[in-house]
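K.L.:
Pasting in a structure now, in structure tokens, and then I'll have a few things to ask.
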Amino acid sequence: MLASLLGLGLGLVGCQDKNAGGAMDEIATDVKFDEATYGVPASPRMAESTARNIKKGGGRSQVGKPYKIKGKWYYPKDDPGYVASGMASWYGPNFHGRLTANGETYDMHHLSAAHKTFPLPSYAMVTNLENGHRVKVRVNDRGPFAHAREIDVSKKAAELLDFKRSGTAEVRVEYLGRAPLEGDDSQMLLASYAPGESAAGSIMVASSEARGNGLASAASYDGSSKAPVPGTRPMQTLFQNQPSRTGDMIDALSSFRSEERRSGATKALEALGAASAPKNEEIHLGTIDRRLMAKVADVIGVGSTARAEATNRPNLVSATVTAAPRVDKDRLLKKLWSAGFSDAFPIRD
């Protein structure tokens, strides 16, 4: 039956890609997953949504083959000199503790990102063009594929770049090169943060007010370097051992402590987002051989579906799996990798 289904749907693979939008082959395993019937519950995600001790690294190093999402082709490659401007978004609680495209575990408190074509893992510098803030991120995931956005960054990166509340920002993305698989690069990435001119202005105002009150001066920055201007103290020592009456000046640095100063509305929105996580998630298999596609039903099991779209190569299809609601998506992703679908990754809009 499966062979007949594949033969019927994939008989169109010789069509030109421009006509392939309607050539779809769907493999359905529509037996509903039932815990009482199958004797095992769906597995929990790899980490709790609030965990902060998530292991870093440990994934796979890969570039990946060309792939097609929503009618558009993407060509992953090691691209020294890559610089592009576009919109950035961020993703957090819904995916915290889940596997990324290269097998690492997503940590919204880490400085990481998703990009459509960069090697995994790699490093990129992201600059918020609206305020000049910039920070280096570890690219270990694929996306975003919605609204023509350039990059998706972690919650922590969005906080440092100061667009977490707005949700999006216009940014410049610079590819910096490949990243090592093992080891925790958190401190190195955090040290790369440099505030923009607007932040420098706020700090200088605080410095002036401090001097007017007979307090120690604040650090000032030139907007392009993390090094303090000569004659000033590091910013983190600005209010050290000072009386509580300096609270108004501490507010000037609130963008650097957004986690501690989140508004109740922001927390409520995040909780709502976590509660409304999509029940059916898609895993893109990449561009694969028809013979490999014939194995997909045995891998995905009951309740999930797979569809294949024709390409301009007779023996290749672009394939996607829609995981059933009760299926452990991370476990399914690992099974797909082990079965030979090495370019499979979760689609995050």
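The values are calculated or read from the model by the stated rules, or taken from the named source; none is laboratory data. Computed from a prediction, not measured in an experiment: that's the story for all the values here. Positions of Cβ are generated from backbone atoms using ideal geometry, with glycine treated the same way; all protein chains shown enter the neighbour counts.
K.L.:
Collect the residues in the range 144-165 that are at pLDDT below 95 and over 16 Å from the mean Cα position of the chain (by Cα), keeping them in residue-number order.
P.N.:
Residue satisfying the conditions is ARG165 alone.
K.L.:
Just give me the residues in the range 153-197 being among the small types (Gly, Ala, Ser) and without any contact (Cβ under 8 Å) to a residue 60 or more places away in the chain, in sequence order.
P.N.:
So in the range 153-197, the residues among the small types (Gly, Ala, Ser) come out as 154, 157-158, 166-167, 169, 177, 179, 183, 186, 191-192, 194, 196.
SER166, ALA179, ALA191 - these are the residues of the range 153-197 that are among the small types (Gly, Ala, Ser) and without any contact (Cβ under 8 Å) to a residue 60 or more places away in the chain.
K.L.:
Can you name the residue in the range 54-112 that is part of a loop (DSSP other than H, G, I, E, B) and among the hydrophobic types (A, V, I, L, M, F, W, C) and, of all such residues, is nearest to GLU130 (Cα to Cα)?
P.N.:
Within the range 54-112, the match that is nearest to GLU130 (Cα to Cα) is LEU111.
K.L.:
Any idea which of LYS56, LYS68 is more than 21 Å from GLU150 (Cα to Cα), crowded, with 17+ Cβ neighbours inside 10 Å and modelled with pLDDT under 95? Step through it out loud before you land on a result.
P.N.:
Working: LYS68 fails: more than 21 Å from GLU150 (Cα to Cα).
Just one listed residue meets the conditions, LYS56.
K.L.:
Same structure, new question: Do we find that ILE288 is in contact with a Pro (Cβ under 6 Å, 6 or more places away or on another chain) and not in a loop (DSSP other than H, G, I, E, B) in this structure? Full working, then the answer.
P.N.:
Numbers: in contact with a Pro (Cβ under 6 Å, 6 or more places away or on another chain): no; not in a loop (DSSP other than H, G, I, E, B): yes.
Answer is no for this residue.
K.L.:
Related question: Inspect the range 144-152 for any residue being assigned to a strand (DSSP E or B), under 19 Å from MET108 (Cα atoms), in contact (Cβ under 8 Å) with a residue 40 or more places away in the chain and assigned by TED's automatic domain parsing to the domain that holds GLU104 and give the result as yes or no.
P.N.:
To start, the set of residues in the range 144-152 that are assigned to a strand (DSSP E or B) comprises 151-152.
Filter once more, so that each one left must be under 19 Å from MET108 (Cα atoms): 151-152.
After this cut, where a residue has to be in contact (Cβ under 8 Å) with a residue 40 or more places away in the chain as well, the list is 151-152.
Now restrict to residues that are assigned by TED's automatic domain parsing to the domain that holds GLU104: 151-152.
Yes.
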